[in-house]
1. Looking at (1) out of contact with any Lys or Arg (no Cβ under 9 Å at 6 or more places or on another chain); (2) of a type outside the set (D, E, K, R); (3) modelled with pLDDT under 95, can you tell me which one LEU360 breaks?
2. Taking the condition of being within 31 Å of the chain's Cα centre (by Cα), assigned to a loop (DSSP other than H, G, I, E, B), crowded, with 18+ Cβ neighbours inside 10 Å and not small (Gly, Ala, Ser), how many residues in the range 251-284 meet it?
3. Residue by residue through the range 585-638, note down the ones that are more than 30 Å from PHE685 (Cβ to Cβ), of a type in the set (Gly, Ala, Ser) and touching a residue at least 40 places away in the same chain (Cβ under 8 Å).
4. Which one is nearest to GLN261 (Cα to Cα), of the residues in the range 127-161 that are at pLDDT below 85 and touching a helix residue (DSSP H, G or I) at 6+ places or on another chain (Cβ under 8 Å)?
5. How many residues are free of Cβ contacts under 8 Å to residues at least 24 places away in the same chain and touching a Pro at 6+ places or on another chain (Cβ under 9 Å) when one looks only at the range 657-682?
6. Enumerate the pairs (first residue in the range 417-431 and closer than 18 Å to GLY457 by Cα; second residue anywhere and of a type in the set (A, V, I, L, M, F, W, C)) with beta-carbon separation below 9 Å, excluding pairs fewer than 6 apart on the same chain, so at least 6 apart or on different chains.
7. If you go through the range 334-371 one residue at a time, how many are part of a helix (DSSP H, G or I) and touching a helix residue (DSSP H, G or I) at 6+ places or on another chain (Cβ under 7 Å)?
8. Pick from GLY534, GLY520: which is touching a Phe, Trp or Tyr at 6+ places or on another chain (Cβ under 8 Å) and farther than 30 Å from GLN622 by Cα?
Amino acid sequence: MLILHHSPQKPNLIVSFFSSSIVALMGSKQLLKPSILSAQQAPSSSSLSRLFGVYRLHSPAIRLRPASRIPSFRLGSNGAPYSSRVSVPRPVYLESPEDGRDAAVPLKVLNKRLEELGIDMRDCNPGQHNSLLCPMCKGGSSSEKSLNLFITPDGGSALWQCFRGKCGWKGSTRAFAQNGSSFGTSNTISKVKKIRELSAESLELQPLSNELLGYFAERSITAETLRRNAVMQRECGNQIVIAFPYHRKGQLVSCKYRDVQKKFWQEADTERIFYGVDDIERQSDIIIVEGEMDKLAMEEAGFRNCVSVPDGAPPKISSKDVPPEEQDTKYQYLWNCKDYLKQASRIILATDGDQPGQALAEELARRLGRERCWRVKWPKKNNNDHFKDANEVLIYMGPSVLREVVENAELYPIRGLFKFSDYFEEIDAYYHQTAGYEFGVPTGWKALKDLYNVVPGELTIVTGVPNSGKSEWIDALLCNINEQCHWKFALCSMENKVQEHARKLLEKHVKKPFFDTRYGESAERMSIEEFEEGKKWLSNTFYLIRCENDSLPSIKWVLNLAKAAVLRHGVRGLVIDPYNELDHQRPSNQTETEYVSQMLTMVKRFAQHHCCHVWFVAHPRQLHNWIGNPPNLYDISGSAHFINKCDNGIVIHRNRDPEAGPIDQVQVCVRKVRNKVAGTIGDAFLYYNRVTGQFVDLSEASEKL
C-alpha cells in the first residue's frame, strides 16, 4: 500500500512502498485502499502476516507535490479503517527547505557503514532497540534474531550486541566525528534524564483483536490470562504489535512491544521494572522468568506470583564483581523493585535453558543471594535436547507438567555447600568397590599388608633420623606400586642428584647393582640391555620437579608443576623430599606453626582434588640425649601439625648397634592411620639389601639367605 506522510512544518512529502502490498498509483488524487479484515474472521497465518508483517522501506523515496490531502488508512482492532493519531517515527526528508543541505546524509553514511559490516538497518527505527539477524553467528541453528541494534534518534550513531552466548559480537560506529573526543562514550547510551509519564490513552493501546487472541491461543495462553495481565495491541508505524504494559501499584510505568518475528522494543525514557511486579507484592515465594510469554505461561500453570525481567539475558556470566546499585545499569530493575524482593524467602529462577539463560540465572542469584534461590530443570524434549522455557513446556507438555517442573525446582548451587546426594555416584562406587582402590593399593610387603596401604588422595608424612633410609624406602615403595598397578609419579627430591636418583631406582627395578665395584662387587652388574630397558622405564614412570637455578622452590611452585604432571601425564603419586629444602618465606606476623598448617592444607587439597597420593618427607628436630630409639611424629621440626594434619604418619628406623640386632633390618613404624579401611597402627620389619637397594620381608630374606 502507498502511504503519504504530511508534515505541517515542511512542504515536502515522501512516498513509502511496502513489499507486502500491491500498489497502484492512479493519478495524483487516487489511492488503492487496503483490504479490511473482518473481526469475525478466523485467524490464519496470512492474516497474522498482515498484522505483524515488517514492511521494508525501499529507497530512493519519491518526492511528490504537497497537494494531496488523502488521509492514511490503518487497520484498527475492530477491522474498520480509521486515521491514527499515534506518534510514529518521523520520516526522514531528503532535503531541508531552510538551508538546502542534505539532512539525511548522516543516516545514509551510517547505513552504508553498517551494510559493510553485514547489518541491515532498513527496517530499523532511530531511537528504538531493534532485533536483527547477527551477521557473525547467523543466529545459530535456529536463525534467532539475537543482534540488538540501537540507532540514536538523530541517526548519527549506532550500537549493537549479539546476545547469543556463543557469539557476543558487539560494537558501535558513528556517521561523523563530533566536536570533542568521543573516547569513552562510543559504547554507552546517555542516561535517562527525565522519566516519562505514560498512560494507555497516550500510547493509544487497543484491546487485542481476534487474530491476536488466536495467536496467543496457539501458544496455550487464554483470553482471561491476557485480560488480567492487561496485554493489548498497538499500531506502530505500519504494523500492529503486541503491547505488554508494565504496571506498578496500578500505574503504567513502561511498555514493551513484540511483533510476530520476535522483534522487541520498549518505550524510551521509562523506568526499568519487572513485568508483573504487583503480582509478587508481599509474596514469600516468587518466580522469575526471562520473558513476558513465560510469565503468562506460568499463570496458566497456576502461578501468579511470577515476574519477567524486562531486558533479556546476557551472553555470559560477568567475571567482575557486582557493581554498586547506581552503576548496575543492566540490572537496574532489581534495585527498582527491591522493596518487592526483600519479602521473598524463596526465589525460583526459571530462566531459559540456553547459555544466556543460565548466565542470567547466575547474575540474578549473585544479586538476590544464592541462599534463597532455587532453579528449575527443564524436562527433556527428545534424546538430545531439553525444552527451552516455560512457554515451550506449556505448549508441548501442558500446564500440569509445567507446574510439576516448578514444584520440583532444585536448590541453587552455592560454591562449597553440598548435600550427600551430590556425591551418591561416588558413594555407590565406593560401596560396590568399582574403582579398585577402596582398601588402598598394597605396598608389596606382606609385613605391611594390614598396617599401611596407599589410598589415592591422601597425605603420608614420612620421618626418621638422618641416614635411616627414608628416601630409599619411598623409592622402593614406588617401584612396588608401579610393578603392581602401573602408577606414574612426580618426584621433587631436592637432596638427590639426578644421576644418583636414577641409579637407586634402576637398581630396585632391575634388582642388580648399577656398578660392579665396592658395594656391588659381590653381585652381577646389570647388563647394557637391562640398563637401556631401565632407562625407558624411568622415562615412562617418573617426572622430575626441579629448579634449574640456585633458588629454592616454594610449595606453590611444586604443587603447580605437580598439577601439570597429573593433567598431562596421568601422575598418581607425588613425593616431596624433604620439607627443609623448600622455600618457607612467610609474613612477619605469621608463626611457623601457622605457616605449616596453611602449607599442609594446600598439599591436602591438591591430593584430594587430583586424587593423587602425596608422600612428604620431614626431618625430626635435633634430638638431645637420643639413645637410638625411633623418634616420634611430634619430634618433627617445625610444628605438631605434621602429625595433626596428615592422613598417615610413618617413621622409618634402622638399627645402628650390631649388638642390638641386625644392622640391615629396617623398622617401619606406622604411627597414624586416619582411614581404618586402609590400615592401623603397628610396626613392621623389613630387610634392606644394600647391594640392590631393595627392601624385602624378613621371611623372604631368610629363605634367600
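1. Here LEU360 meets the rest and fails (3).
2. Result for the range 251-284: 5.
3. SER597
4. SER146
5. Of the residues in the range 657-682, 0 are free of Cβ contacts under 8 Å to residues at least 24 places away in the same chain and touching a Pro at 6+ places or on another chain (Cβ under 9 Å).
6. Short answer, once both residue conditions are applied: GLU426/ALA435; ILE427/PHE420; ALA429/ALA435.
7. Quick first cut of the range 334-371, residues part of a helix (DSSP H, G or I) only: 334-336, 338-341, 355-368, 370-371.
Imposing the further condition that a residue be touching a helix residue (DSSP H, G or I) at 6+ places or on another chain (Cβ under 7 Å) reduces the set to 334-335, 340-341, 363, 367-368.
Counting residues in the range 334-371 that are part of a helix (DSSP H, G or I) and touching a helix residue (DSSP H, G or I) at 6+ places or on another chain (Cβ under 7 Å) gives 7.
8. Details: GLY534 fails: touching a Phe, Trp or Tyr at 6+ places or on another chain (Cβ under 8 Å).
One residue alone meets the criteria, GLY520.
The values are calculated or read from the model by the stated rules, or taken from the named source; none is laboratory data. Being a predicted model, the structure only gives us computed values, none of them experimental. No Cβ is skipped: glycine too gets one built from the backbone with ideal geometry, and neighbour counts run over all protein chains shown.
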